[in-house]
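See below for the structure under consideration.
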Amino acid sequence: MSFEFEARFFDDLLRRNETRRRMLVIGCGPGVEVNHLAEVTGVPVMGVDLDVDPRDRRPGVQLLRADARGLAYFGTPAKSRLVGGVGGRARAWEKVVWNLVDWWKRVRGQWENRRGAHAGFTDRELAGLLGQQFGRVESVSLPYYLGKYPGLAGFWRTSFRLGLHRFLAPSVYFSAAGEASGQAAGR
């Protein structure tokens, strides 16, 4: 079985995409297509399927046995954040530079992911995007921050209650599961 057409097709799509870094194939079967895609496109490819054997892979390929129809978690920078990367592992000066770059893009009207910014999404934007594909979408940002920063639990609870988390939390987190209504019917 050859996946030459598919590999060239996706390689062409990747070449048109400015963020050509990696590819995810959900429902990859035994991994033959994934191996071929990695070879042709030259980008790392991860394949996910219920019956895949992680040992059947080539360089540049990661195979994962998992149910992609199950619960999924999503995290992204909070687009309305005032400061980002505060809790990250980078050096202080790197965090300052990242934030200056972010603010410069905001000032210039380039605070969009599609314009090369690391803008992320607001709670509402990410919930809307996920709601198009999943039946159940739930913000898990507050539980995330309570777990990550237990000494600041009062601060995080208050900021979420007052809506200030939109500016104070550097990221937003959601869980999603199930199909959106109409998905199965071929909406």
Filtering region 130-143 down to residues that are open to solvent by less than 80 Å² (accessible area, probe 1.4 Å) and under 16 Å from the mean Cα position of the chain (by Cα) yields Leu130, Gly131, Phe134, Val137, Ser139, Val140, Ser141
Within region 144-158, work out how many residues are open to solvent by 50 Å² or more (accessible area, probe 1.4 Å), of a type in the set (Gly, Ala, Ser) and under 16 Å from Pro170 (Cα atoms). 1
Test: residue in region 168-183 that is open to solvent by 40 Å² or more (accessible area, probe 1.4 Å), more than 18 Å from the chain's Cα centre (by Cα) and under 22 Å from Val83 (Cβ atoms): yes
Does Arg166 qualify as being touching a Ser or Thr at 6+ places or on another chain (Cβ under 6 Å), more than 24 Å from Val48 (Cβ to Cβ) and not β-branched (Val, Ile, Thr)? yes
Can you tell me which condition Ala92 does not meet? The list is (1) in contact with a strand residue (DSSP E or B) (Cβ under 7 Å, 6 or more places away or on another chain); (2) loosely packed, with under 13 Cβ neighbours inside 10 Å, and all the others hold. (1)
Does region 72-89 hold any residues that are among the charged types (D, E, K, R) and open to solvent by 40 Å² or more (accessible area, probe 1.4 Å), and which are they? Arg89
Filtered residue count, region 50-70, keeping only those that are in contact with a Leu (Cβ under 8 Å, 6 or more places away or on another chain) and assigned to a strand (DSSP E or B): 1
If you go through Arg161, Arg166, the only one that is modelled with pLDDT of 90 or more and either closer than 19 Å to Leu126 by Cβ or among the aliphatic types (A, V, I, L, M) (or both) is Arg166
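Just one of Ala119, Ala153, Ala90 is small (Gly, Ala, Ser) and in contact (Cβ under 8 Å) with a residue 12 or more places away in the chain; which is it? Walk me through how you get there before you give the answer.
Numbers: Ala153 fails: in contact (Cβ under 8 Å) with a residue 12 or more places away in the chain; Ala90 fails: in contact (Cβ under 8 Å) with a residue 12 or more places away in the chain.
Result: Ala119 is the single residue among Ala119, Ala153, Ala90 that is small (Gly, Ala, Ser) and in contact (Cβ under 8 Å) with a residue 12 or more places away in the chain.
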Is it fair to say Trp98 is assigned to a helix (DSSP H, G or I), open to solvent by 40 Å² or more (accessible area, probe 1.4 Å) and not β-branched (Val, Ile, Thr)? yes
I'm trying to understand the selection: among the residues of region 130-158, which are among the hydroxyl-bearing types (Ser, Thr, Tyr) and either at pLDDT below 90 or assigned to a helix (DSSP H, G or I) (or both)? Ser141, Tyr144, Tyr145, Tyr149, Thr158
Gly109 meets each of (1) surrounded by 13 or more Cβ atoms within 10 Å (Cβ to Cβ); (2) outside any helix (DSSP H, G or I); (3) of a type in the set (Gly, Ala, Ser) with one exception, condition (1)
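The values are calculated or read from the model by the stated rules, or taken from the named source; none is laboratory data. Since the model is a prediction, treat every value here as computed from it, not as a measurement. Cβ: placed from backbone, ideal geometry, glycine included. Neighbour counts: every protein chain shown. The protein model used for the area step is the full one, side chains on, heavy atoms only, and it has no ligands, DNA or RNA in it. Shrake-Rupley method; radii C 1.70, N 1.55, O 1.52, S 1.80 Å.
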